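Shown next, in structure tokens, is the structure this report addresses.
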Amino acid sequence: MGERIKQYRIISNWNLADQVYEMELEGDSSWITHPGQFLNVTIDNAYLKRPISICDWNENGLTIIYKVVGFGTKQMSQKQPGERLECLVGLGNGFTPEVFDEKKVLLVGGGVGVPPLYGLAKTCLKQGKQPVVILGFTSEKDIFYIKKFADLGCDVKLSTNDGSQGVKGFVSDVMVQEGLTNLPYFACGPMPMLKAVWRTSNAPGQLSFEERMGCGFGACMGCSCETISGPKRICKEGPVLSSQEVLWTKD
Amino acid sequence: MGERIKQYRIISNWNLADQVYEMELEGDSSWITHPGQFLNVTIDNAYLKRPISICDWNENGLTIIYKVVGFGTKQMSQKQPGERLECLVGLGNGFTPEVFDEKKVLLVGGGVGVPPLYGLAKTCLKQGKQPVVILGFTSEKDIFYIKKFADLGCDVKLSTNDGSQGVKGFVSDVMVQEGLTNLPYFACGPMPMLKAVWRTSNAPGQLSFEERMGCGFGACMGCSCETISGPKRICKEGPVLSSQEVLWTKD
Amino acid sequence: MDERLKVTLSGWELDNPVIPASGTFGFGYEFADFYDINILGSIATKGTTREARFGNPTPRIAECERGMINAVGLQNPGIDKVISEEFPKLKQVYQKKVVANVSGFSKEEYVECAKKMDAQDIVGILEVNISCPNVHGGGMSFGVSPDTAAEITRAVKAVTTKPVYIKLSPNVTDIVAIAKACEEAGADGISMINTLLGARFDLRTGRPIIANVMGGFSGPAIKPVALRMVYQVYEAVKLPIIGIGGIASAEDVIEMMYAGATAVEIGAENLRNPYVCKEIIERLPSLMDELNIEKLSDIIGRAHQ
Amino acid sequence: MDERLKVTLSGWELDNPVIPASGTFGFGYEFADFYDINILGSIATKGTTREARFGNPTPRIAECERGMINAVGLQNPGIDKVISEEFPKLKQVYQKKVVANVSGFSKEEYVECAKKMDAQDIVGILEVNISCPNVHGGGMSFGVSPDTAAEITRAVKAVTTKPVYIKLSPNVTDIVAIAKACEEAGADGISMINTLLGARFDLRTGRPIIANVMGGFSGPAIKPVALRMVYQVYEAVKLPIIGIGGIASAEDVIEMMYAGATAVEIGAENLRNPYVCKEIIERLPSLMDELNIEKLSDIIGRAHQ
Ligand SMILES: Cc1cc2nc3c(=O)[nH]c(=O)nc-3n(C[C@H](O)[C@H](O)[C@H](O)COP(=O)(O)OP(=O)(O)OC[C@H]3O[C@@H](n4cnc5c(N)ncnc54)[C@H](O)[C@@H]3O)c2cc1C
Ligand SMILES: Cc1cc2nc3c(=O)[nH]c(=O)nc-3n(C[C@H](O)[C@H](O)[C@H](O)COP(=O)(O)OP(=O)(O)OC[C@H]3O[C@@H](n4cnc5c(N)ncnc54)[C@H](O)[C@@H]3O)c2cc1C
Ligand SMILES: Cc1cc2nc3c(=O)[nH]c(=O)nc-3n(C[C@H](O)[C@H](O)[C@H](O)COP(=O)(O)O)c2cc1C
Ligand SMILES: Cc1cc2nc3c(=O)[nH]c(=O)nc-3n(C[C@H](O)[C@H](O)[C@H](O)COP(=O)(O)O)c2cc1C
Ligand code: FES
Ligand code: FES
């Protein structure tokens, strides 16, 4: 077994929201240098591993949050505490809140883009920053982790697409309503959300991307995207890219 | 789960001789009508099942004996008591000692061809026959079940290729030495042994064949052999064929 | 029986699209030991030739990762016995029509087999295997060139009024050209794919596992190739396609129909799990609910929309 | 280093036959994070073209049973940057020669790439990919006809003194004819196989998973096809073969060498387990003991004996 393939012991694995699970893992976390990094989970009888972001970590282990969308995440949801989870670790660049001088920063997460923002919020607080957090979900049943962010001392705002809780609409609507369009931001969520946040904000920010991956560590070029400074691999030069690098247009 | 795919509980699984294991299974045995029938064992992460003969059975379950020769039998050898074994059952025709009027019959087994002869010996005894049993092994370390046959009350003779125990040579040498060439016989073992027995005997007999199998139940024609009465599927019209059907020549 | 599973092949309405593939279901009646085979959409019967054939020497089977190689070599009792013995046995346990698979080593052999099958009520579709890679029929098979494929199609069409489905070999550079040639020659449908040519070697001896060295490789491992070819052929021809290759679950049936298949055949998986066709038919309705599929016939070729 | 593992490709002695395959190991240095890459037999570098290429739109990856589809489409920084940036980075962590994989969309592009590679000391073998099925280069690839395969071979041979290995596509009717044409045109060796063309469709949407619909299918699932083709080509040509396709274990290396390979490349499996080449190299000696293999070079083509 290669040294970057690690065995974790599952401490807990429970249903947090509709189809969403939180799994606490005991094992090596010394490789984690930045929030927003990820690991790649081995799935029995599947050929490729499954990338999942680090939500939180301490010296004993780490926490991930995942949504059941197919074969691999289903298998993860069926694991019991005490069982092991094999992961390839040390993946991705992660968020770098330290590059911004501003004290007040905006964290925007949608659906299963929310988890990495939790570790990020903690890091921001450690750096003396004041995170404003906007969380967007499809509906009431999908919501998780609002209280966790509030307990950290973050200012938390909520939107749901159907208005079943919080503001009805999108996270970008909240940004406008609450006048948060000039804060340096960090965003993770589905592509349309990232684009909306990027369009809505007047400030620079960092965006965490997703792509179907072959390897997760930079070998296959499966996950590339084009940026202002040339092609980048989401798994290696990303998943976090600067808002100044994307090739989108503002309208 | 289809009804001919059965789950057995492993009662014991222990090393009987070099690379040879005996596994006791608890579960349905009502399908067994003749000694020499077989089942087809599901192997995790292997595409095809593995055919193994019934060695012995009673109303609570059955016993199999297998040699570790590759991926599937290795996996079987690593199973612990209490674990389950999935098998497709009801396979093969089996031996029919009742077709012979003679009281004295010869049972000849070589290596992992020995197991089905144990169930056959019991059946013969129930039918009031007197089985003479010749068991052939490569060497001392490969020997198993001699005492089991003796305990049934069979007359047991032994040969090893290297002479480390019993007669040095082949089972057919024993047949000649002991003057057993005129008894109706039942043979199971590697192809050269079956041929030698067939050539050596002047009596009719029944031979149990092996072939690489696709299905084990007659669907794929993977296991066919040519006989005097046309092609036969080893898994369906066999594995036991009458000595009068084979297309060999006596010299 | 669930109305939502019905599909139609050349005017013949099947209760569902699930058909065991030729060579993996014998003449059907062996499977009556396992379940009531009348639940099947149809049955593709064992490849039938003019004369009886024993096929290739054994070993004829090798295992692969998520698949297997077979080199059975068209073992069958010959068309006359198929008609006089096998079909009657099948009729005792099965009331529907079959997809009758025929093969040959010359145009004349195909024609003769087709003629005889034409007279059989039990035959719903004549499936013409121009691709079997197992048989040393003197060089390449009819299925590797558009010209010979078209020639066989025309010859068979001339002697039968049954719908003629040409079963294509995947071991070709340009399957679309072959499918098109069959369409132009009058084929009523395409069955695809037959097995890929493969080999395995024994770790201990170094020798080929299959006596004939090579054989037909099939099972879930080949599904991506089958899906690709069905997709390509659906784009290029207007004929209905029976999708074959690696299907092992209800999900696989749906995926193959997205690619362009109207019905499917299931091969190797029957050998590993004799209940697989039954399990798939039973699972389809609930899977359709999960995927918001109203009728199976709605999804044929959805990948092309 | 175990002397028993040594093999020789066109006069170049490799410490062992294990070479990561082009496109699955970048330019090598990424893997120095995982282990000392100097233990490898060699490294086949990422397919290089004359100009920089981004490749195909994403998604470019789909999972299959025991394999995957990629439609990366030859993303690379172009030959000049490969020489000025990638090779120097690699040299910092790797002291051996590489198998430099080049590709092109015209004869001229192949020739230019070959000329530039010819001047590089680090290049031990020039591997010419005439088969990449991912790229829409205006119709079929050079690799599907003996004539164009020979044409590229001759053109490349004319401008380099490095051993030239032609990398063949498996998506052809007659791979032997193509290998023979390359041999006659002066190739020094054959690398085979490249990926099979495959597709997958999304169960929920019915749409192709790969943006380009089709891509290159590889991994353990394709091994029986690769073994068969290596076996066939070994019978027909006298050139050394680098065997590629589905290799994932020391057992697979041995099996591929039995079929006729002198060395092997390992592709998709590096992506799923970045340590696989190291694990195989470490496992080979004890496996050879178990199988009574004295020297690996003894078993090349054993299946043909
Ligand atoms: C860097 C990164 C970090 C991620 N972090 C998280 C996380 O913290 N929590 C979480 O729930 N999910 C996360 N994802 C998405 C997660 O990887 C996929 O949901 C998962 O791989 C699906 O596996 P499956 O076997 O359940 O689904 P499959 O059966 O493989 O596919 C089902 C559906 O999932 C989607 N999918 C499949 N593979 C990927 C992939 N590699 N990337 C994105 N979508 C995919 C497709 O839409 C597909 O239709 C992350 C993805 C990336 C690239
Ligand atoms: C009707 C029948 C009854 C059998 N009964 C017994 C029994 O009671 N005890 C026992 O130990 N073995 C028995 N065998 C043989 C047993 O099926 C094989 O040893 C087993 O399938 C090997 O599986 P593996 O995964 O361990 O080996 P693999 O890794 O698949 O192959 C290793 C070697 O095993 C041999 N082998 C593989 N498959 C078969 C097969 N289907 N038939 C024969 N040899 C094969 C080959 O020589 C091969 O090289 C029987 C076979 C048949 C056909
Ligand atoms: C054991 C076996 C025998 C086969 N015999 C035939 C045959 O006689 N005629 C034919 O057209 N195809 C034959 N095939 C091919 C199958 O019908 C099918 O096209 C192929 O196996 C691909 O499907 P699969 O991946 O589901 O197995 C055979 C396949 C197997 C496995
Ligand atoms: C992600 C990926 C990228 C590839 N890129 C190239 C390439 O640039 N040039 C090339 O000749 N082959 C390329 N290949 C093909 C591999 O080198 C190899 O021939 C093929 O994948 C079969 O081997 P495998 O089954 O071990 O993967 C690529 C394969 C993969 C999986
Ligand atoms: S997933 Fe392989 S390079 Fe990013
Ligand atoms: S193994 Fe399939 S018919 Fe005997």
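FYI, it's all coordinate maths here, none of it is from the lab. Since this is a predicted model, take the numbers as computed values, not measurements. FYI the Cβ positions are ideal-geometry reconstructions off the backbone, even for glycines, and counts take in every protein chain you see.
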Tell me the residue from C:E13, C:E30 that is facing chain B (nearest Cβ under 9 Å) and either within 20 Å of the chain's Cα centre (by Cα) or touching a residue at least 40 places away in the same chain (Cβ under 8 Å) (or both), please. C:E30
May I ask you to list the residues in the range B:46-72 that are in contact (Cβ under 8 Å) with a residue 40 or more places away in the chain and among the polar types (S, T, N, Q)? B:S53, B:T63
Criterion: of a type in the set (D, E, K, R) and free of Cβ contacts under 8 Å to residues at least 24 places away in the same chain - qualifying residue of B:K148, B:K126: B:K126
Restricting attention to the range D:44-53, which residues are out of contact with any Cys (no Cβ under 9 Å at 6 or more places or on another chain) and either part of a loop (DSSP other than H, G, I, E, B) or within 16 Å of ligand 2 (Cβ to nearest atom) (or both)? D:T45, D:K46, D:E51, D:A52
Do we have B:G72 as away from ligand 6 (no atom under 16 Å from the Cβ) and either within 14 Å of another protein chain (Cβ to nearest Cβ) or crowded, with 18+ Cβ neighbours inside 10 Å (or both) here? no
Condition check for A:K141: under 28 Å from A:G27 (Cβ atoms) and part of a helix (DSSP H, G or I): no
Consider B:K157 carefully, then state whether it is assigned to a helix (DSSP H, G or I) and basic (K, R). no
How many residues are within 16 Å of ligand 1 (Cβ to nearest atom) and either under 25 Å from D:M68 (Cα atoms) or surrounded by fewer than 23 Cβ atoms within 10 Å (Cβ to Cβ) (or both) if we restrict to the range A:195-207? 0
Can you pull out every residue in the range B:180-234 that is within 23 Å of C:P77 (Cβ to Cβ), within 13 Å of ligand 2 (Cβ to nearest atom) and hydrophobic (A, V, I, L, M, F, W, C)? B:F209, B:M213, B:C215, B:F217, B:C220, B:C223, B:C225, B:I234
Checked A:K6, A:K79, A:K74 against criteria (in a loop (DSSP other than H, G, I, E, B), more than 16 Å from ligand 5 (Cβ to nearest atom) and basic (K, R)); the one match is A:K79
Of the conditions (1) more than 16 Å from ligand 3 (Cβ to nearest atom); (2) within 11 Å of chain D (Cβ to nearest Cβ); (3) surrounded by fewer than 24 Cβ atoms within 10 Å (Cβ to Cβ), C:P208 fails just one. Which one is it? (3)
Can you name the condition, by its number, that C:A221 falls short on among (1) under 22 Å from C:G23 (Cβ atoms); (2) more than 11 Å from chain D (Cβ to nearest Cβ); (3) part of a helix (DSSP H, G or I)? (2)
